[in-house]
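Only one structure is covered here, and it is reproduced in the block below.
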Amino acid sequence: MSRVRRGRNGNRKFWALVFVFVSIFCAVFFAQRGRFDPQVTSSAVSFVLSPFEQFVSWTGSQIKYVTGNIYEIATVHRQNKMLRNEVEQLRMQNVQANEYAAENERLRALLGYKQAAVQFDIVAARVTGRENATWTSMITVNRGSLDGIQKDMTVVTEKGLVGRVSETNPNSSKVQLILDPRSSVGALVQRSASRVAGIVEGDLENFSLPRMVNLPKTADIVEDDIVVTSGYGGIFPKGIVVGKVVAVKNEPGGLLKYGVIETAVDFQKLEDVGIIVKSREAPPEPMKPPPQTPGTEQTQ
């Protein structure tokens, strides 16, 4: 069987070679005799090459389609990246714009207070830090001795009293807040029927609410009374708002009482302050001693 198959394969190869040889011979013969028809040859070639041309055309169109899609995808990716960058920049600009708007609002309020308080010369300053160990007691501002700032100058906002300058450097200063238990502010009740005087100091048990102390048990002080600086002591000018009385309590022993003060300034949101570098406020009259009982006067 194998020999028969080999014989048949050999015959097929032989006749194929004969066919190719005869075809070549005929083509050469008719070409030389001038009987070769180019149109027939062209048609035959076109017929033979047509499938290959279609394949090449289809392949080219597919390659063009794929490359076009890749280009479009790359373009969309690049545009998306650009848009994301623009969105991020716009978001940052929006945050900055909001921050500038808030700062302008605070500075306008401080400027309004500066223009209204004609008895004071005020230098605006920005809060640049807080001491971790004394968060509710001390802040740092960006004004110092080169700006004319001196120790014990009064620090305020448009809402009320902040504290006093405790230390100065050429370009910065430290401010002791009225929340500090070590601070001492002469104050009085603004209500005309009262005018009770006392001392406002920080409370160790509640740093956010200072106390007005040294009040007699019979002192006329009630909730919602406004407390302002008295001017006594020579540091804080008279009439600056300290806060509002939110509670009145008795001291241990029962002889004195104190008022719990909600400060006019929100110290958690303190960002900009004003430093009073000069005051044209007249100092308060010295306190007069109470009248003595006749016969008990002391001679000087």
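The values are calculated or read from the model by the stated rules, or taken from the named source; none is laboratory data. Everything numeric in this text was worked out from a predicted model, so none of it was measured. FYI the Cβ positions are ideal-geometry reconstructions off the backbone, even for glycines, and counts take in every protein chain you see. Keep in mind that these areas ignore ligands, DNA and RNA; they rest on the heavy atoms of the full protein, side chains included. Shrake-Rupley method; radii C 1.70, N 1.55, O 1.52, S 1.80 Å.
Give me the accessible area of Lys159, 1.4 Å probe, in Å² rounded to the nearest 10.
That residue has around 120 Å² of solvent-accessible surface.
Please report the accessible area of Arg108 (heavy atoms, 1.4 Å probe, ligands and nucleic acids excluded) in Å², nearest 10.
150
Provide the gained length on full extension for the span Glu131 to Gln89, in nm with one decimal, where the gain is 0.36 nm per separating residue minus the Cα-Cα distance. Don't skip to the answer; put the middle values down first.
Working: separation 42, 0.36 × 42 = 15.12 nm, distance 3.38 nm.
Here the answer is 11.7 nm.
How about Lys238: which lysines have a C-alpha closer than 19 Å to its C-alpha, ignoring those fewer than 8 places off in the same chain?
Filter leaves Lys114, Lys151, Lys159, Lys278, Lys288.
With θ set to phi - 60° and the Karplus curve 6.51 cos²θ - 1.76 cosθ + 1.60, what are the ³J(HN,Hα) couplings of region 268-279 in order, to the nearest whole Hz, using x for Gly and Pro?
Values per residue, Gly and Pro as x: 6, 10, 6, 10, 10, 9, x, 10, 7, 8, 8, 10 Hz.
Residues of region 219-251 with amide nitrogen under 17 Å from the 7 Å Cα-to-Cβ point of Asp152?
Once the point is set 7 Å along Cα→Cβ of Asp152, 230-238 turn out to lie under 17 Å by backbone N, inside region 219-251.
Using a 1.4 angstrom probe on the protein heavy atoms only, could you order Phe207, Phe236 from most to least accessible area?
Working: Phe207 85, Phe236 20 Å².
So, going from the largest accessible area down, we get Phe207, Phe236.
Assuming 0.36 nm per residue, please report the length gained on full extension of the stretch Arg280 to Lys64 beyond their Cα-Cα distance. Please list the in-between numbers first.
Working: separation 216, 0.36 × 216 = 77.76 nm, distance 8.56 nm.
Extra length available between Arg280 and Lys64 comes to 69.2 nm.
Measure off 7 Å from each Cα along the Cα-to-Cβ vector at Met82 and Asp203, then give the distance between these two points in nanometres to one decimal.
For Met82 paired with Asp203, the spin-label model returns 6.2 nm.
Share of region 177-251's accessible area from carbon and sulfur, percent, 1.4 Å? Present the calculation step by step, with values, prior to reporting the outcome.
Details: 1710 of 3500 Å².
The value for region 177-251 is 49 percent carbon and sulfur by accessible area.
Sequence-distant or interchain residues sharing an amide H contact under 5 Å with Asp272, placed H: which?
Here the answer is Val127, since their amide H atoms fall under 5 Å of that of Asp272.
Once amide H atoms are placed 1.01 Å from N in the peptide plane, what residues at a sequence separation of 5 or more from Met138, or on another chain, have their amide H within under 5 Å of its amide H?
Sorted by chain and number, the residues that satisfy this are Glu131, Leu177.
Any lysines with Cα under 18 Å of the Lys257 Cα? List them, leaving off those in the same chain fewer than 8 positions away.
Lys217, Lys244, Lys249
Within region 202-234, what residues put their amide N at less than 13 Å from the label point 7 Å along the Cα-to-Cβ vector of Leu255?
Backbone N within reach: 214-217.
What residues from region 139-153 fall in the zone where the backbone N is under 18 Å from a label point 7 Å along the Cα-to-C-beta line of Arg182?
139-141, 151-153
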